[in-house]
Amino acid sequence: MINFRGLMSIYKFEMSRTFRTITQSIASPVISTMLYFIVFGTAIGSRIEAIDGLDYGSFIVPGLIMLTILGQSVSNASFGIYFPKFTGTIYEVLSAPISPLEITCGYVAAAASKSIMVGTIILITSSFFIELKILHPFYMLLFLIIISVTFSLLGFIIGIWADGFEKLQLIPLLIITPLTFLGGSFYSIKMLPPFWQEISMFNPIVYLVSAFRWSFYENSDVSILSCVLAITSFLLVCVVVVILIFRYGYKIKN
Amino acid sequence: MSEAIEINNVNKVYSNGFVALKEINLKIHSGEIFALLGPNGAGKSTLINIICGLTKKNTGDVSIFDFDNEKSYKQARSLIGLVPQEIATDSFEKVINTIRFTRGLFNKPNSDKYIESILKKLSLWEKKDQQIRTLSGGMKRRLMIAKALSHEPKILFLDEPTAGVDVDLRKSMWEQIIKLKQLGVTIVLTTHYIEEAEKIADRIGIIDKGKIILVEDKRDILKKLGNRKIIFSLANEINELPKSLKHFDISVDKNKLIYFIDKANEEKELPKLIKDFAHNSIEVSNIEIKENTLEDIFIELVKK
Ligand SMILES: Nc1ncnc2c1ncn2[C@@H]1O[C@H](COP(=O)(O)OP(=O)(O)OP(=O)(O)O)[C@@H](O)[C@H]1O
Ligand SMILES: [Mg+2]
């Protein structure tokens, strides 16, 4: 029998943590995105020529949202599961009649919800600075949800693996932030010299940003098909890793 | 009727190679209060954590009212409430919300009425809207108990529930525990206070170095515990016990008389014994009382 109430308990608990720390969890990503937007979009952007017929301010909106939701998903989910491990309250979840899958769903759904909320708020904020145009709102929303879920899963994995606060920060700092910055959030891959263009093709985040930007303006650095493929396989990899973790009880149980 | 808990051949080796449990076999009867005693590091918490699903066992089976705790973990765990040894709470959560959270985790629909009754029983009702960090240590421990009871479990594990709890409160907790037993809840507790086990347990198990070395009815074990002895040092050596003293449980060791107290008749016997000493002109130069503590029983049992 599915323990739906258990799953919802975790979800509600995590969401109430979000609202309790509303400034930290919602206001801070919004403020930092607005700063990016003012500096890169408005101040510097006015001196940058249009990319694919888009003014620079419009061009960076999808990238900025991606930058934020990737970071937010990973940190929300990793913190969400790491913190109870750290304080010891995890005992409750582990001794409850709730399956690993249900636990994961609770934490990941909460982290993803928060990311989607933050993403939506940034989208609304940006509409005050530029004229917003979304050609494929359905796909935009779909990508937003899938990518939030995928990176929340990744964050969940990091949170289970981490046995200290440094490790919690390590992967976001060393891998995710650099890859996002180099993933075409602020520029088109086509602007790079050919060698770096090819290197960029190995950066999974290029595909996410591309797909997301496509849903806005129908222009994309790589084909939309390969984007969808990349997004799907990334999601699957995360799901498989989570399953393996629970099968072998890695680091949660003695 | 099926046993509340049945443990067969459970072994546990921690990842660092430490053997924490060796061939544990134990049955906990439905409706009893079982006290698990043992020195620090004996393996009490390890055993409880294995039963509750917090720690993986290496071999053996555990079943909870006939549900295997791994194969049918959902059914098994929904019958169990656990109060772990370490206090762990979400500091910024409200008291009432944390209880609702636990109840939800165990797939029970919210019941404000039931939650109110638990909080009142554990004298936490006035604190229900406060953040947990504002509670005292003893209140936090009671809160942990309230959480464990929030989903109406049939078995309650209390891993040192009274550590750091003041004397009055400890006594009221015993009363609560006995009340739970009357409601049909099976209770397994660990403690370092022998008095506690003496007061409330039906059966006592002693574990040492990962092995169960004794499981007995409280009354039987108390007989062993009750072995207090008084050592009278005599002014003059005697060879044989005077006849009138022979019906006492006394042994002679040169200038010492060792008297084993019969706990039940202590108050009647002791004055008589002292009178008889006077009758027989036995002169006592020193009196020493030795209590058989749980420690002595441990040592005695571990030596075997
Ligand atoms: N995660 C672990 N890894 C390695 N050894 C462990 C681990 N947890 C416990 N132990 C060891 O297992 C033994 C039993 O520990 P346990 O916590 O079960 O003891 P206990 O009987 O509950 O003691 P106490 O009365 O102090 O609570 C101890 O020697 C302890 O050091
Ligand atoms: Mg212990």
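None of the figures in this text is laboratory data; all of them are computed from the coordinates on show. Computed from a predicted structure; not experimentally measured. No Cβ is skipped: glycine too gets one built from the backbone with ideal geometry, and neighbour counts run over all protein chains shown.
The figures follow:
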quantity	calculated
Angle between chain A longest axis and helix A:56-87 axis [Cα atoms, degrees, rounded to 10]	10 degrees
Per DSSP, loop chymotrypsin sites (Phe, Trp or Tyr not before Pro) in segment B:1-91 with at most 12 further Cβ within 10 Å	B:Phe18
Lys/Arg +1, Asp/Glu -1 at C-beta; the protein assembly as shown dipole; positive extreme among B:Gln176, A:Gly57, A:Phe129	B:Gln176
Cα extents of segment A:4-248 along the three principal axes, largest first (Å)	59, 36, 34
Geometric extent, Cα atoms of segment B:70-126 - Rg, Dmax (angstrom)	12.9, 41
Rounded Å value of the spacing that divides the Cα centres of segment A:57-102 and segment B:175-240	49 Å
In Hz, Karplus ³J(HN,Hα) per residue of segment A:12-19 (6.51, -1.76, 1.60; θ = phi - 60°; x = Gly, Pro)	5, 4, 5, 5, 5, 5, 4, 6
GNM flexibility winner over chain A from A:Tyr207, A:Tyr91, A:Tyr36 (Cα, springs under 10 Å)	A:Tyr91
A:Asn3 long-range amide H proximity, modeled H, under 5 Å	A:Ser99
Average beta-carbon neighbours from other chains, 10 Å sphere, peptide B:73-82	4
Total lysine pairs whose alpha carbons fall under 23 Å of each other in chain A (8 or more apart, or interchain)	10
Convex hull projection area averaged over all views, segment B:45-167, Cα basis, nm²	7.9 nm²
Cα→Cβ-extended label distance, 7 Å offset, between A:Trp196 and B:Arg133, nm	4.5 nm
At R0 = 30 Å, FRET efficiency that the Cβ-Cβ distance of B:Arg228 and B:Glu175 yields, to 0.05	0.60
Which listed pairs, of B:Lys27/B:Lys229; B:Lys12/B:Lys71; B:Lys44/B:Lys121; B:Lys120/B:Lys218; B:Lys27/B:Lys108, have C-alpha distances above 24 Å, in listed order	B:Lys27/B:Lys229; B:Lys44/B:Lys121; B:Lys120/B:Lys218; B:Lys27/B:Lys108
Peptide B:53-64 - average C-beta neighbours from other chains (10 Å radius)	2
Ranked by how many other beta carbons lie within 10 Å on average, peptides A:114-120, B:172-178 from highest	A:114-120, B:172-178
Segment A:96-195: translational diffusion in µm²/s, Stokes-Einstein, Kirkwood Rh over Cα pairs, 20 °C, 1.002 mPa s	132 µm²/s
Per-selection Rg to Rh, the protein assembly as shown - Cα, Kirkwood hydrodynamic radius	1.18
Between 0 and 90°, nearest 10: helix A:224-247 axis offset from chain A longest Cα axis	20 degrees
GNM result for chain B, Cα springs below 10 Å: residue of B:Leu257, B:Leu135, B:Leu180 fluctuating most strongly	B:Leu257
All-pairs alpha carbon distance profile, segment A:171-226, 5 Å steps from 0, percent	4, 21, 31, 25, 14, 5, 0
Calculated [θ] (222 nm, deg cm²/dmol) that DSSP helices of n ≥ 4 give over chain A, each run adding -39,500 (n - 2.57)	-22500 deg cm²/dmol
Most mobile listed residue (B:Thr59, B:Thr98, B:Thr191) in chain B, GNM with C-alpha springs under 10 Å	B:Thr59
Cα→Cβ-extended label distance, 7 Å offset, between B:Lys22 and B:Ala235, nm	5.3 nm
Spin-label model distance (nm) - B:Lys243 vs B:Asp202, 7 Å beyond Cα toward Cβ	5.1 nm
Cβ crowding within 10 Å averaged over residues, with B:42-51, B:113-122 ranked highest first	B:42-51, B:113-122
Residue-by-residue Karplus 3J(HN,Hα) for segment B:233-239, coefficients 6.51, -1.76, 1.60, Hz, glycine and proline x	8, 9, 5, 10, 5, 10, 8
Residue (of B:Ile64, B:Leu36, B:Leu21) at the positive-pole extreme of the protein assembly as shown, dipole from beta-carbon charges	B:Ile64
Chain A: angle of helix A:204-217 to the longest principal axis, Cα-based, in degrees nearest 10	60 degrees
Total charge dipole magnitude, chain B, about the Cα centre, Cβ charges on Lys, Arg, Asp, Glu only, Debye to nearest 20	880 debye
With at most 14 neighbouring Cβ atoms within 10 Å, loop GluC sites (Glu not before Pro) (DSSP) excluded, longest segment of chain A	A:132-217
All lysines inside 20 Å of B:Lys243 as judged from Cα atoms, apart from same-chain residues fewer than 8 positions distant	B:Lys254, B:Lys256, B:Lys268, B:Lys272, B:Lys275
For segment A:46-121: span of alpha carbons on each principal axis (Å, largest first)	59, 21, 17
Kirkwood-type radius of segment A:5-64, with distances r between different C-alpha atoms, in Å	13.8 Å
Low-density loop positions, GluC sites (Glu not before Pro), segment B:179-247 - DSSP coil, at most 13 other Cβ in 10 Å	B:Glu237, B:Glu240
Value of [θ]222 nm, deg cm²/dmol, for chain B, DSSP H segments ≥ 4, -39500 (n - 2.57) each, nearest 500	-10000 deg cm²/dmol
Segment B:3-223: Cα Rg divided by the 2.2 N^0.38 Å rule of thumb	1.00
Residue-by-residue Karplus 3J(HN,Hα) for segment A:182-190, coefficients 6.51, -1.76, 1.60, Hz, glycine and proline x	8, x, x, 5, 10, 8, 8, 3, 5
